[in-house]
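**Student:** The following block contains the structure, expressed as structure tokens.
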Amino acid sequence: MLKRCPKLRTKDQCRINFTVAHALVRAASSLSSTLLRSVAAGVGRGIRWDRRSFFVVCRAVADWPGHDRPRKTMVCPTTVVWGVVLLALAATVGCRSDMQDQPKYTPLRPSTFFEDGRSQRPLIEGTIPRGHLDDDAAFYTGKGPDGKTFLETFPFPVTRQVIERGQNRFNVYCSPCHGRLGFGDGKIVRRGYKHPPSYHSDRLRQVQAGYIFDVITNGFGAMQDYAAQVAPADRWAIVSYIRTLQLSENGTLNDVPPDARGQLSQGGAQ
């Protein structure tokens, strides 16, 4: 940044420049007071103001002690003050406070102001982000009104579009471990990672739909949670697709509608 912007100064440089400017102004004030006192005592005589210039210039005739010299021209103290002030202002040229130079904390930077030493403050209890009221407990938790019992059914109607959306999200987030058909033989497992249970086991075929939603939300065992990656509606869509996989692998001919049975091959009908 400094190479691309030569006029940009760091905080320390600005602080030094302002300190120098402040010292120069104080020195000018002290010098002005001294000269004024000298003029008032009679050392300077014949002061004449010349207002034609922007800076106030006065000519003073001073007798040098012990010397017979011609009259000298002396600059008025006001001129000295203006000169020093301009010099002080020149010391601050290029010292800017741009938007990128703000009194702020960068992420995870410690702070000595707070007792816990953290600059990032935790949310106040009860804070609700805009658009995340989440007042439908069944939809967002997969549990009933008591907050403990998992839902047996879905909190909204399951349509073909919901199942297809679930298939898409399942293939992205779940199939690497659980496999495309839910047998727990995904690519990750084939490379040595822990084998997850098959969705077609008796235990997982009988668990509540809310239980599967809760596992996706909070994780279980070696499985991490996917609350940040998968929205609640997509989690329910994944659950609907898992139920579809379970039904497809354990269904019978009687589970197929009569008008669709003709589409089945003879070898697949049982």
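Values quoted throughout were computed directly from the atomic coordinates according to the rules given, and no laboratory measurement underlies them. Here the structure is a predicted model, which means the values were calculated and not measured. When we count neighbours, we look across all protein chains shown, and the Cβ atoms used for this are built from the backbone with ideal geometry, even at glycine.
**Student:** Scan the helices (runs of 4 or more DSSP H) fully inside the stretch 140-217 and keep the ones with 1 or more residues being in contact (Cβ under 8 Å) with a residue 40 or more places away in the chain and either touching a strand residue (DSSP E or B) at 6+ places or on another chain (Cβ under 7 Å) or of a type in the set (A, V, I, L, M, F, W, C) (or both). Can you show your working first?
**Tutor:** Working: elements: 160-169, 175-178, 187-190, 202-206.
Those helices (runs of 4 or more DSSP H) span 160-169, 175-178, 202-206.
**Student:** Also: What is the number of the single condition among (1) in a helix (DSSP H, G or I); (2) among the hydroxyl-bearing types (Ser, Thr, Tyr); (3) within 32 Å of the chain's Cα centre (by Cα) that residue 226 does not meet?
**Tutor:** (1)
**Student:** Please find, within the stretch 168-197, the residue that is surrounded by the fewest Cβ atoms within 10 Å (Cβ to Cβ) out of those that are in contact with a helix residue (DSSP H, G or I) (Cβ under 7 Å, 6 or more places away or on another chain) and under 15 Å from residue 212 (Cβ atoms).
**Tutor:** Top of the filtered list is 197.
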